[in-house]
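Beneath this line is the structure, given in structure tokens, with notes to follow.
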Amino acid sequence: MTLSLLAEWLRCPTCFRDLRPFGDLILGCDNGHRFDVNRRGYVSLLPPRSRHRGDNADMLDARERFLEAGWYAPISDALAESGAEAVSDAEAAPRRPFSSCTPPQPVPRVLDMGCGTGYYLRAVLDRLRGVTAAHESASHGSATHQTAAHEPADGTAEARALPALGCDLSPAAVSRTIRVTGASGLVADVWHPLPLRTGAADVLLNVFAPRNADEFARVVRPGGALLSVVPTSSHLLQLRADGAMLDVPEGKAGQLEAHMKAFRLLSRTLVEFDMTLEASDVAALTGMGPSAHHRGSGATDLHAADSDASGQHADGSAASESDASGSTASKSNASGPGVGDHCRIVVTASVEVLRLQRMSA
Ligand SMILES: C[S@@+](CC[C@H](N)C(=O)[O-])C[C@H]1O[C@@H](n2cnc3c(N)ncnc32)[C@H](O)[C@@H]1O
Ligand SMILES: [Zn+2]
């Protein structure tokens, strides 16, 4: 991460002017507002009284265990494929730069809102590196040109990185994401005006995470893509069957489409598959979900963490998705609902991957 790459994404949370580097680890605007950048390479631009909570270290550990075991690989594959299609769409347009806030460049700028451990951002960037290398090769008529602007000069993940930003309310999540992806990092609350420049992103990922329709419309450049993963009502049904988990209401994908008025739906892909999970996998799946915020409290609290029946928060914004169990404290023990130490349980994952395009104003 370099400070200037990070600054390219950002605007001042106080006065909304562009941020730029001032010294080694400071970003600032022309109105004199200054922000420290963490030595690990991310900046926190949270509003002073953010009342929301991001995932904690235990939840992130559980998420990392579950995802790195490969259980959701079909989902990350489908998302990465959708990213490649989005970029192909954009490249098919008459030679337009990908982003309005930087000089023309033939690589997409990818933002992940609610990035968690960085698992999905890494999958999408890996796939897009292949797409953009092929594009550069084709447009220059020679494979040697693949080594232009974004080829690793020193072989590090950072040098290979496309311009990417992992954003989350949880500093621990952002820290993990920049470590595994080489992306820049931002701690911010999606329910507030985002400290991101208008039109900064060509591709916005939003995977099982809260979304802010107005801010997403502002941050994605016209013609750019929003890629979202939402659970269907069949997602993890076997773990919900005993009443230990909240249902996913029908029609989440339709709600998202209706809510994102500045975007039009280009494709909707159902990804459904069975997983034969051991108790430890179920425990990880349980531990990475919203109920982990609420250990020691009851089902009523879970409603606050998960989405309500309408999929909306009280302020009218769309609620967060859950990709994991919402089991109550009494049920979310180490082995998970109904799974003994040596038992296995077949659990169905069922999600939709949506690809939407930001319409011109
Ligand atoms: C269910 S997890 C999904 C994480 C990641 N996208 C994945 O699928 O592995 C939701 C993520 O959204 C983050 N989050 C929750 N509330 C947020 C908010 N108000 N603003 C930004 N991020 C938030 C959490 O910290 C968490 O990392
Ligand atoms: Zn300012």
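On the given criteria, is residue 51 surrounded by fewer than 17 Cβ atoms within 10 Å (Cβ to Cβ), modelled with pLDDT under 95 and either of a type in the set (S, T, N, Q) or more than 25 Å from residue 219 (Cβ to Cβ) (or both)? For residue 51, the condition - surrounded by fewer than 17 Cβ atoms within 10 Å (Cβ to Cβ), modelled with pLDDT under 95 and either of a type in the set (S, T, N, Q) or more than 25 Å from residue 219 (Cβ to Cβ) (or both) - is not met. Set side by side, the residues 65, 40, 34 differ, and just one is of a type in the set (Lys, Arg) and within 13 Å of ligand 1 (Cβ to nearest atom), which is 65.
Counting the residues of the stretch 1-36 that are crowded, with 20+ Cβ neighbours inside 10 Å and assigned to a strand (DSSP E or B) gives 3. Selection of the stretch 42-63 for residues being outside any loop (DSSP other than H, G, I, E, B) and either within 16 Å of ligand 2 (Cβ to nearest atom) or not hydroxyl-bearing (Ser, Thr, Tyr) (or both) yields 43, 44, 57, 58, 59, 60, 61, 62, 63.
Cβ-Cβ contacts under 7 Å between residues 6 or more apart (or on different chains), taken from a first residue in the stretch 9-34 that is within 10 Å of residue 197 (Cβ to Cβ) and of a type in the set (Ser, Thr, Tyr) to a second residue that is within 7 Å of ligand 2 (Cβ to nearest atom) and modelled with pLDDT of 95 or more, are absent. Name the residues in the stretch 191-230 that are charged (D, E, K, R), under 15 Å from the mean Cα position of the chain (by Cα), over 13 Å from residue 115 (Cα atoms) and surrounded by fewer than 24 Cβ atoms within 10 Å (Cβ to Cβ), would you? Result: 215, single match.
One line per residue, one yes/no per condition, for (1) in contact with a helix residue (DSSP H, G or I) (Cβ under 7 Å, 6 or more places away or on another chain); (2) part of a helix (DSSP H, G or I); (3) at positive phi; (4) surrounded by fewer than 19 Cβ atoms within 10 Å (Cβ to Cβ):
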{"site": "250", "(1), (2), (3), (4)": "no, no, no, yes"}
{"site": "255", "(1), (2), (3), (4)": "no, yes, no, yes"}
{"site": "264", "(1), (2), (3), (4)": "no, no, no, yes"}
{"site": "269", "(1), (2), (3), (4)": "yes, no, no, yes"}
{"site": "272", "(1), (2), (3), (4)": "no, no, no, yes"}
{"site": "275", "(1), (2), (3), (4)": "no, no, no, no"}
{"site": "280", "(1), (2), (3), (4)": "no, yes, no, yes"}
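Here residue 286 passes the criteria (1) at pLDDT 95 or above; (2) in a helix (DSSP H, G or I) except the one numbered (1). Considering the conditions (1) in a loop (DSSP other than H, G, I, E, B); (2) more than 16 Å from ligand 2 (Cβ to nearest atom); (3) modelled with pLDDT of 90 or more; (4) surrounded by 13 or more Cβ atoms within 10 Å (Cβ to Cβ), residue 39 is excluded by exactly one of them, (4). Of the residues making up the stretch 154-190, those that are at pLDDT below 95 and near ligand 1 (Cβ under 9 Å from one of its atoms) number 0.
Is it true that residue 130 is among the small types (Gly, Ala, Ser), out of contact with any Leu (no Cβ under 7 Å at 6 or more places or on another chain) and at pLDDT below 95? Considered against the rule, which asks whether it is among the small types (Gly, Ala, Ser), out of contact with any Leu (no Cβ under 7 Å at 6 or more places or on another chain) and at pLDDT below 95, residue 130 comes out as yes.
Of the residues 222, 249, the single one that is within 30 Å of residue 357 (Cα to Cα) and at pLDDT below 85 is 249. Selection within the stretch 72-99: residues that are surrounded by 14 or more Cβ atoms within 10 Å (Cβ to Cβ) and polar (S, T, N, Q). The member of this set that is modelled with the lowest pLDDT is 99.
The values are calculated or read from the model by the stated rules, or taken from the named source; none is laboratory data. Everything quoted here is computed from the prediction, not taken from an experiment. Virtual Cβ from ideal backbone geometry, glycine too; neighbours counted across all protein chains shown.
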